[in-house]
Structures are given as C-alpha cells and as structure tokens.
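Everything below concerns the one structure shown next.
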Amino acid sequence: MPNENNVFAYLFKNDFRMNTRRMLTRAWMWGYFAAIAVVLVVVTAVWGGENRFNPRYLLFICFGFPFIAFGISYSILKREWSNGTVGWWLTLPYSRSKLLLAKLAAAAAQAYVLFLIYFIGVLLLELFNVLLHGNAWSEIGEFLTVEGEYLFVVLVISPFMLALGQLAATVARTKLRPLLPLVWIVFALAGNGFGWLNVNAGDDGRIESIAVFGESAAAWLWLLIPASWLIASILFAGAVRLTRKHLIL
Amino acid sequence: MNEVTVGGMRFELDLSQPLYEQVLDQVRSSIAKGEIALGEKIPSVREMAQALKINPNTVMRAYQELERDQLTETRRGQGTFITADAEKVKHIRYKLAEEAVEEFLAKLGSLGFTASEIAAILRSKGGEGQ
Amino acid sequence: MTKAAIQGSGLVKRYGRRNALDGLDIEIPENSVTAVLGPNGAGKSTFMRMLTGLVTPDQGTLRVLGEAPSWKLNGRISYLPDRARWYEGHTVAEAIRWGSNLLPGFDAAQALQLVEQLGLKADMDVKGMSKGQEARLMLAMCLARDVPLLVLDEPFSGIDMISRERIVAALIDSFSDRRQTVLICTHEIPETESLFDHAVFLNDGTVALSGDVEELRATRGSVQDIYRQLYV
C-alpha cells in the first residue's frame with residue numbers, strides 16, 4: 001500500500017529522473033557543449049585578462065533562464081499527453097493539486113540544477129582567467145557576488161514562469177485553447193520583464209550590477225518578487241482547476 | 001470452434017449456444033463414452049477455462065451441476081474426481097440414450113411417421129437383432 | 001439479479017453539438033465480466049472515462065462501487081486507458097516500482113510474475129518494445145492490483161495475435177484467482193466473447209441491448225451474431 005507521504009516524493013523523483021535521463025541521452029547535445037566549452041577556454045586564454053573578454057559577459061545568458069524554467073515546466077506536463085500516458089497519470093488516486101505540484105517541483109529542481117551547473121561552469125572559466133592572466137584574486141570574490149545576485153533573482157522569479165508553463169500546457173487541453181496565444185504573450189513579456197530585473201549594463205558596456213541590487217534600486221522592484229509569487233499561486237490554482245474539470249481527453 | 005481435448009475429454013464449443021450447457025453435456029458424454037475413467041481426476045476450473053478459453057465462472061457452473069448430479073465429487077485439497085460408482089455412470093448412459101431416442105422420435109413424429117413405420121425403418125437399417 | 005457494481009442513469013455528455021452519451025441508463029453486475037460493445041463513437045470510452053472521473057457527466061448520476069467517481073475512488077479501480085502508452089523512460093522493473101509506489105493494492109511480486117508469464121523481462125526498456133509487448137506490460141500493471149473493479153478500455157487494439165492470446169490467458173487466470181467486477185471494451189469480439197458473463201451494447205450514447213451472455217446465446221445467438229443484427 002503506497003504511503004501518502006512517500007507518494008509526493010516518488011512522483012517528484014520519477015519525473016525528475018525521467019526528465020534528466022532524457023536530457024543525458026541526447027548525445028548530440030553533449031557534442032555542442034564540449035565544442036562551446038573548448039571555444040570559451042580558447043577565447044579566455046587569448047583575449048582574457050585585459051577585459052577584452054571577461055567570463056562575466058557570459059552571465060548575460062541569465063536573461064534566458066526564465067524562459068528555460070517555463071520550457072521545462074511546460075514540457076514535463078505536456079509529455080503526459082504527447083506520450084500517451086495522461087490516462088495513467090490522471091487516474092492516480094491523488095488530488096490534482098498533488099499531481100501538479102509534484103511536476104512543478106520536478107521542473108523547478110531540473111531548472112535549478114541546470115542554472116547551477118551553468119554558474120559553476122562560468123565560475124571555473126573565471127578561475128582559469130584569473131590564474132592564466134595573473135589578475136587579482138579579489139576579482140574572484142567580486143565575480144562570486146555578481147553570480148550570487150544573478151542566481152538569487154533567477155530563483156525568486158522562477159515560480160511564476162514554472163506555474164505559467166503548467167498553465168500553458170493545460171490550457172492547450174481544454175476548451176480555453178483559444179486563450180493560448182494570450183499565455184504565450186504573457187510568457188514573452190514576463191520573461192523579458194524579469195530579465196530586466198537582472199541585467200544592468202554599466203556605462204562602458206560591461207555588466208556592473210543587477211537592477212534590484214543596484215544603489216538606485218527602487219523599493220517597488222523588490223515588491224515585484226512577492227507579487228510574482230502571489231500571481232504564480234493563482235496561475236497554479238488555475239491549472240489545477242482546469243485539470244480537475246475542464247480537460248478534453 | 002475447434003475441437004479441444006482436455007484431460008482425455010473432447011470438447012467442441014459453439015459460441016451461438018449457451019457455453020455452460022455445452023460444457024456440461026460434453027463432460028457427461030465423455031463419462032458415458034468412457035473417455036474418462038471412473039474415479040479419475042478431472043481438470044481444475046482454471047485448467048479447463050484456460051484450455052477452452054472461456055470464463056472460469058462458466059466452467060464453475062458446469063462443475064457445480066455435475067456435483068449436484070453426483071457424477072463428480074470434490075475432495076478437499078485434492079481436486080474434483082469422477083464418481084467411482086458404476087451405477088451412476090450407467091444411469092447417465094441410459095439417460096443420454098433416452099434423450100437421443102426422444103429427439104429422434106420427435107423428429108420422425110413431426111415428419112408424420114407412426115410407431116410401426118419407425119420400427120420398420122429401424123429393422124431395415126440393421127436394428128433387427130434387438 | 002446480483003448487486004450492481006456500477007449504476008448510471010440519464011448520463012449525458014456533450015462534445016460540441018454531438019452527444020457522446022445521450023441519456024445512458026446502465027447497470028453493471030458485481031463480480032462478473034461485462035463487455036461494453038458498440039461501433040466507434042457509440043460512447044464506450046466516454047463511459048469508461050467517466051468511471052474514473054476523467055470525464056464528468058453534464059447530466060445524470062453515476063455510482064461506482066457505491067460512490068460518485070472521484071480521484072479517491074480511483075484507489076479501488078484498476079483502469080487501462082484507451083490508446084494508452086507506458087512511460088518510455090521506464091524499464092519493466094521501473095514500471096513495477098511505479099506501481100508499488102503509487103497504486104493501492106498493487107502487488108509487485110505478482111506483477112513480476114505476470115510480466116514474465118507474458119513473455120517480458122524486468123530489465124527491458126519500454127522504449128524498445130513492440131506495441132504488443134507494451135500492451136502486455138500495461139495489462140500486467142492492471143492485473144497486479146487487488147481491487148474490486150477492473151476496467152480495460154481496448155486492451156487488444158492493434159496488437160499481434162500472440163500478444164492477444166497471452167493477454168486472454170492472463171485474464172482467465174486473473175478471473176480464476178479473484179472475485180472482481182471486470183469491464184472490458186473491445187472490438188475483438190470473436191476472440192474474446194467466450195470470456196464474458198454479461199454484455200452491454202451501446203449505440204449513439206444509449207444502451208441498445210444488455211443482458212446475461214448465456215441467456216443471449218440461448219435466445220439470439222453468439223455475441224458476434226447479435227452485434228451484426230444490431231449494427232449492420
């Protein structure tokens with residue numbers, strides 16, 4: 001007999017494991033990663049040091065992370081339909097909120113692991129940069145601070161994008177399907193909007209700091225964070241409601 | 001349906017007739033013909049259902065009817081066995097013969113034959129020795 | 001008549017202008033094997049999905065094992081969805097672990113025995129399976145649950161003859177082992193009709209005919225014959 005407390009943990013683990021395995025088995029992707037890593041190491045070796053190339057530029061990619069969180073959440077849910085397993089999943093004797101929350105958690109974990117790997121990768125590159133070109137060690141500390149700030153922002157805004165991803169996947173399976181373009185518009189706008197929380201270019205084109213952590217950061221920017229969590233929970237409740245009553249199977 | 005042999009008994013089921021009656025009749029006639037010996041064990045409900053590819057409930061019903069007629073007996077933990085009582089088997093043979101004759105007579109009756117005409121036909125077909 | 005495991009009255013389900021169920025009154029007897037038959041679009045799958053709460057009726061009442069369908073009730077129903085696939089990221093052993101972690105009444109040891117009996121191995125990847133192998137795995141997942149109601153929506157569709165025969169044999173074993181209400185929806189009538197105690201023929205979302213199969217055989221012929229009489 002399944003133990004209620006273990007059910008959530010198992011649902012989470014199962015989705016996380018299946019999704020991770022799917023990513024790992026894409027051999028061609030590893031080829032790209034290896035190629036990009038080699039290019040970056042070479043670029044750092046040649047143009048690093050004097051700030052003609054700084055690994056910190058790579059943190060600009062954080063701009064895309066909210067979109068990635070959305071994408072993972074969307075695809076983990078959508079796969080139940082596209083793989084023909086939705087009948088098994090939705091007839092499990094557990095509430096829709098439990099089933100969806102487990103998927104949300106799996107998508108979050110998946111996204112965070114990816115982000116963390118990226119940040120660690122870039123940090124290693126910076127370490128290589130400092131060692132090779134004999135820059136001051138204090139640069140590493142500075143780099144870590146910037147990374148930490150970026151990571152913080154990515155983490156706090158992801159619930160909104162994760163919940164929106166679930167809503168997009170469920171809306172597509174209901175009579176509300178015509179609203180789908182609206183969800184995509186919110187996706188594009190919000191993804192961009194959150195990006196601006198992150199990125200704040202200095203005068204010389206280098207990234208100096210992050211908007212919310214900037215000295216001139218307005219208090220309302222910080223308020224955006226709990227507000228986005230509130231909206232995320234509303235979006236999640238919407239997805240739960242749709243899967244409960246309105247699915248067209 | 002194809003002919004199937006289970007535990008020495010031959011079966012041929014027709015899906016347009018009740019299966020329960022066919023299983024029952026065919027076990028009875030197997031006993032009468034001696035295809036299965038007195039006191040011998042008959043296949044379990046599951047084996048019979050698997051061999052005939054039918055619902056075990058149907059086999060169960062037929063077996064219960066055999067038991068009611070005392071043609072079989074179930075020994076706890078050992079299975080179901082054909083009765084060892086030759087009298088019961090004799091009885092069933094005669095019953096089957098009576099049924100066949102009744103059917104035969106009914107048919108000829110419906111064709112308008114009288115009893116003496118039927119007796120004459122029987123004799124001409126080699127039944128005169130009796 | 002024995003007690004009803006499922007009772008539906010006046011069930012209506014609309015999809016746009018079409019009524020998939022159109023005032024369906026239906027009773028499924030307890031502890032028997034019932035076939036739900038009819039051409040495509042007769043409302044079979046809609047009715048089956050309603051039992052597990054995947055589809056909610058627009059009108060009418062439905063009682064399954066004495067309750068209204070809900071996710072909680074699904075703990076007592078073993079359901080094979082129509083056109084279902086299994087998780088392609090799983091091996092057979094992982095599928096069984098999925099069952100023991102999530103499905104009430106699931107017996108992992110029995111599941112393992114069933115998959116082996118059905119010609120599968122624990123270390124097989126679902127991804128590399130033929131359609132017939134996958135269908136056998138899914139049936140094993142359903143039969144390994146000791147629950148009062150088993151609902152199989154098209155367990156034989158589009159699979160090879162050997163898989164079909166193995167599935168029929170596994171079903172007969174399962175029926176011998178436990179008292180369970182079984183509902184099967186299928187188009188493979190000649191191969192399966194000897195398994196049914198009871199049959200319900202649906203047409204345009206209502207019951208065209210229903211009854212004890214043995215009685216139907218005595219009065220109207222085989223299930224296949226009746227199907228032809230009703231729908232041709």
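The values are calculated or read from the model by the stated rules, or taken from the named source; none is laboratory data. As the structure is a prediction and not an experimental result, all values here were calculated from the model. So basically every Cβ, Gly included, is an ideal-geometry build from the backbone, and we count neighbours across all protein chains shown. Please note that ligands, DNA and RNA were not included when accessible areas were found on the heavy atoms of the full protein model with its side chains. Shrake-Rupley method; radii C 1.70, N 1.55, O 1.52, S 1.80 Å.
Across the residues of A:78-88, average count of Cβ atoms on other protein chains within 10 Å?
5
Using a 1.4 Å probe and counting only protein heavy atoms, arrange C:LYS127, A:LYS78 so the residue with the most accessible area comes first.
C:LYS127, A:LYS78
If you restrict to DSSP beta bridges whose two residues both lie in the protein assembly as shown, what percentage is antiparallel, to the nearest 5?
Expressed as a percentage, antiparallel bridges in the protein assembly as shown total about 70.
Could you calculate the contour length gain from B:LYS41 to B:ASN2, that is, 0.36 nm times the residue separation minus the distance between their Cα atoms, to one decimal place in nm?
This chain segment gains 11.6 nm when fully extended.
Toward the positive end of the charge dipole of chain C, about the Cα centre and with charges on Cβ (Lys, Arg +1; Asp, Glu -1), which of C:LEU230, C:HIS187, C:PRO57 goes farthest?
Farthest towards the positive pole: C:PRO57.
Taking only DSSP H segments of four or more residues, each worth -39500 (n - 2.57), what value at 222 nm results for the protein assembly as shown once the sum is divided by all its residues, to the nearest 500 deg cm²/dmol?
That calculation yields -18000 deg cm²/dmol at 222 nm.
What residues have an amide H closer than 5 Å to that of C:TYR79, excluding those fewer than 5 places away on the same chain, when H is modeled at 1.01 Å from N in the peptide plane?
Residues meeting the criterion, in which the H sits 1.01 Å from N, are C:VAL151.
Counting partner chain Cβ atoms within 10 Å of every residue's Cβ in C:68-74, what's the average?
The shielding value for this peptide is 3.
In Å², rounded to the nearest 100, what is the total accessible surface buried by chains B and C against each other with a 1.4 Å probe?
Approximately 1500 Å² gets buried when B meets C.
Restricting to lysines 8 or more places apart or on different chains, can you count the pairs in chain B with Cα atoms under 18 Å from each other?
Going through chain B pair by pair, I get 6.
Rounded to the nearest 0.05, what FRET efficiency do B:GLU117 and C:THR91 have when you use their Cβ-Cβ distance and R0 = 60 Å?
0.20
Given R₀ = 45 Å, FRET efficiency for A:TRP30-A:SER95 by Cβ-Cβ distance, to 0.05?
Computed FRET efficiency for A:TRP30 and A:SER95: 0.70.
If I fit a long axis through the Cα atoms of helix A:96-133 and take the longest principal axis of the Cα atoms of chain A, what angle between them do I get, 0 to 90°, rounded to 10?
Long axis of A:96-133 versus the principal axis of chain A: about 10 degrees.
Using alpha carbons only, how many degrees (0 to 90, rounded to 10) separate the axis of helix A:219-245 from the longest principal axis of chain A?
With both axes taken from Cα atoms, the answer is about 30 degrees.
Checking the table A:LYS13/A:LYS78; A:LYS175/C:LYS127; C:LYS72/C:LYS131 against a 22 Å threshold on Cα-Cα, which pairs fail?
Listed pairs above 22 Å: A:LYS175/C:LYS127; C:LYS72/C:LYS131.
I'd like to compare C:219-227, A:20-28: which one has the highest average count of other Cβ atoms within 10 Å, and what's the full order after that?
Most protected by this proxy first, the peptides run C:219-227, A:20-28.
Could you give each residue of the stretch A:55-69 its phi-based ³J(HN,Hα) in whole Hz, using Karplus coefficients 6.51, -1.76, 1.60 with θ = phi - 60°, and x for Gly or Pro?
These are the phi-based 3J(HN,Hα) values: x, 4, 4, 5, 5, 4, 4, 3, 3, x, 4, x, 5, 5, 4 Hz.
Between the DSSP loop rule and a limit of at most 10 other Cβ atoms within 10 Å, which trypsin sites (Lys or Arg not before Pro) in the stretch B:1-78 are left?
Answer in residue order: B:ARG76.
Considering the zone a paramagnetic label at B:GLU21 would reach in this model (a point 7 Å from Cα along the Cα-to-Cβ line), which residues of the stretch C:204-219 have amide N under 16 Å from it?
C:212-219
Tell me, how many Å apart are the Cα centres for the stretch C:37-67 and for the stretch A:1-67?
45 Å
If you count the DSSP beta bridges with both ends in chain C, what percent of them are antiparallel, to the nearest 5?
Antiparallel bridges: around 60 percent, rounded to the nearest 5.
Averaging sequence separations of C-alpha pairs under 8 Å and six or more residues apart, then dividing by the length of the stretch C:1-105, give the relative contact order as a whole percent.
The value is 26 percent.
Over the alpha-carbon set of the stretch A:1-149, work out the extent along each principal axis and list the three values in angstrom, largest first.
In descending order, the Cα extents are 61, 31, 25 Å.
Check which residues have an amide H placed less than 5 Å from B:THR72's amide H, if you skip close sequence neighbours.
B:GLU67, B:THR83
With angles folded into 0 to 90 degrees, how steeply does helix A:138-171 sit against the dominant principal axis of chain A? Use alpha carbons for both and round to 10.
The helix A:138-171 is inclined about 20 degrees to chain A.
How large is the Kirkwood hydrodynamic radius of the stretch B:2-82, counting all unique pairs of alpha carbons, in Å?
12.6 Å
Distance between the C-alpha centers of the stretch C:142-193 and the stretch A:130-154? Whole Å please.
That distance is 63 Å.
Quantify how strongly other chains surround peptide C:79-91 by giving the mean number of their Cβ atoms within 10 Å of each of its Cβ atoms.
5
With a 1.4 Å probe and every protein chain left in place, work out the accessible area per residue of the stretch B:2-82 in Å², rounded to a whole number.
Spelled out: the 1.4 Å probe surface of the stretch B:2-82, per residue, equals 49 Å².
Filter chain C for me: DSSP H helices, axial length by Cα at least 20 angstrom, mean Kyte-Doolittle hydropathy not below -0.5. List them by residue number.
Answer set is C:161-177.
Quick one: which of B:88-96, C:109-117, C:81-89 comes out on top by average Cβ neighbours within 10 Å, and what's the full order, highest first?
Averaged packing, sorted descending, gives the order C:81-89, C:109-117, B:88-96.
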